[in-house]
Amino acid sequence: MDDLTPVRLRDGTEAFVVPLLPANREALREEYEHLSAETRFDRFLAPVPTLTDTMLDHLVCEVDGVDHVALVLLVITPDGTERPVGLARIIRYRNDPSVADVAVTVVDDWHGRGVATALLEVLMQHRPRGVSRIVTLVNASNRASLAMLRRLGEIEVSKPESGVQVVTVTLPDGADSASAGPGRVDAGALALEDSPLRRHDPPSPAPLPLAGDPDRPGASRR
Ligand SMILES: CC(C)(COP(=O)(O)OP(=O)(O)OC[C@H]1O[C@@H](n2cnc3c(N)ncnc32)[C@H](O)[C@@H]1OP(=O)(O)O)[C@@H](O)C(=O)NCCC(=O)NCCS
C-alpha cells in the first residue's frame with residue numbers, strides 16, 4: 001500500500017492510515033497498557049493485561065504485508081502531533097488461504113467515531129490476495145464488533161458458546177477467489193484459536209469453542 005492513506009471518520013475528523021512498522025513495537029506495548037480492561041478482553045477474548053515480547057513478535061515482527069497486513073489509524077492532535085488511535089490487522093489462515101481472521105482495536109476515548117469503519121475499509125483493500133471470507137471469534141456481548149463486521153459483507157453468526165460467537169463474513173468480491181469454492185467455510189478446520197490474532201501468553205481461562213477436534217493442527221501450540 002501507499003505509505004499514507006488519508007481518510008475521513010464518520011464524525012468528520014481527518015485522519016491517516018499507515019502500515020504498522022517494526023519501529024512501532026514499543027509504542028504498541030505502551031498504548032496497549034492504556035486500554036481499558038474491557039477493550040483488552042474484547043480484543044483477545046481473555047484477560048491479557050500486557051503484551052509480552054512473544055506476543056509483540058507475533059503482532060509486529062510477523063507482519064509481512066502479504067499474508068499478514070496491519071494498519072494504524074493516526075489523528076492529528078490539537079498540538080499538531082500524530083496520535084495512533086486504532087490498529088487493524090488481517091491474517092490469512094494457514095489451513096485455508098481463502099479465509100482470514102481480522103482484529104481491530106480502537107483506544108477507548110475514540111470509540112464510536114468511525115475509526116474501525118475507516119480502518120477496515122482500507123484494510124479490506126489491502127487484504128491478502130485471494131481472501132474472500134473472514135472468520136473470526138467475537139464476544140457475544142460485543143455489539144460494536146458485530147456491527148463493524150456486518151459492514152464488510154454478508155455475515156453469518158453462530159450461536160454463542162461460552163459467550164463467544166464465530167462470525168463468518170463473505171466479502172463482496174469473494175466469488176472471484178479461485179480457492180474459495182461455493183461451499184461453507186469449515187470453521188472447525190481453521191484452528192481459529194491458534195490464530196496469532198488471539199494467541200497470548202497467559203493460560204486461557206477456558207477452552208474456546210470449535211475445539212471439537214483436539215488433534216487439529218496447531219491445537220497444542222497455544
Ligand atoms: C469494536 C471496536 C474496534 C469498534 O471500533 P469503533 O471505532 O468504535 O467503531 P466504529 O465507530 O467504526 O463503529 C462501527 C460500528 O459499530 C457500532 N458501534 C460502535 N460502538 C458501539 C456500541 N458501543 N454499541 C453498539 N454499536 C456500536 C457503530 O454504530 C458502527 O455500526 P454502523 O456502521 O452500523 O453504524 C472498538 O469498540 C474496540 O476497540 N473494541 C475493543 C476491541 C474489540 O472488540 N475488537 C474487535 C474484536 S478483535
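The values are calculated or read from the model by the stated rules, or taken from the named source; none is laboratory data. In this text the structure is predicted, and so the values were computed from the model without any measurement. Backbone-built Cβ (ideal geometry, glycine too); neighbour counts: all protein chains shown.
Here are the numbers:
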{"item": "Odd one out for Val102, checked against (1) part of a loop (DSSP other than H, G, I, E, B); (2) closer than 24 Å to Met1 by Cα; (3) within 12 Å of the ligand (Cβ to nearest atom)", "result": "(1)"}
{"item": "Residue in the stretch 74-88 that is in a helix (DSSP H, G or I), in contact with a Leu (Cβ under 8 Å, 6 or more places away or on another chain) and within 13 Å of the ligand (Cβ to nearest atom) present", "result": "no"}
{"item": "Any hit, the stretch 106-119, residues being assigned to a strand (DSSP E or B), within 9 Å of the ligand (Cβ to nearest atom) and of a type outside the set (Gly, Ala, Ser)", "result": "yes"}
{"item": "Yes/no for Asp79 being among the charged types (D, E, K, R), over 14 Å from the mean Cα position of the chain (by Cα) and at pLDDT below 95", "result": "yes"}
{"item": "Qualifying residue in the stretch 153-164 (condition: closer than 24 Å to Gly65 by Cα and outside any loop (DSSP other than H, G, I, E, B))", "result": "no"}
{"item": "So Leu45, is it closer than 24 Å to Arg143 by Cβ and surrounded by 18 or more Cβ atoms within 10 Å (Cβ to Cβ)", "result": "yes"}
{"item": "Long-range neighbours under 6 Å by Cβ, at least six apart or interchain, first residue under 12 Å from Arg127 (Cβ atoms) within the stretch 89-105, second at pLDDT below 95 and β-branched (Val, Ile, Thr)", "result": "Val99/Val185"}
{"item": "Count - residues of the stretch 7-23 that are over 22 Å from Leu149 (Cα atoms) and over 17 Å from the mean Cα position of the chain (by Cα)", "result": "3"}
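To keep it simple, each residue is scored yes or no on (1) more than 25 Å from Ser141 (Cα to Cα); (2) in contact (Cβ under 8 Å) with a residue 40 or more places away in the chain; (3) acidic (Asp, Glu).
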site: Leu28; (1), (2), (3): yes, yes, no
site: Ser36; (1), (2), (3): no, yes, no
site: Val60; (1), (2), (3): yes, yes, no
site: Asp79; (1), (2), (3): yes, no, yes
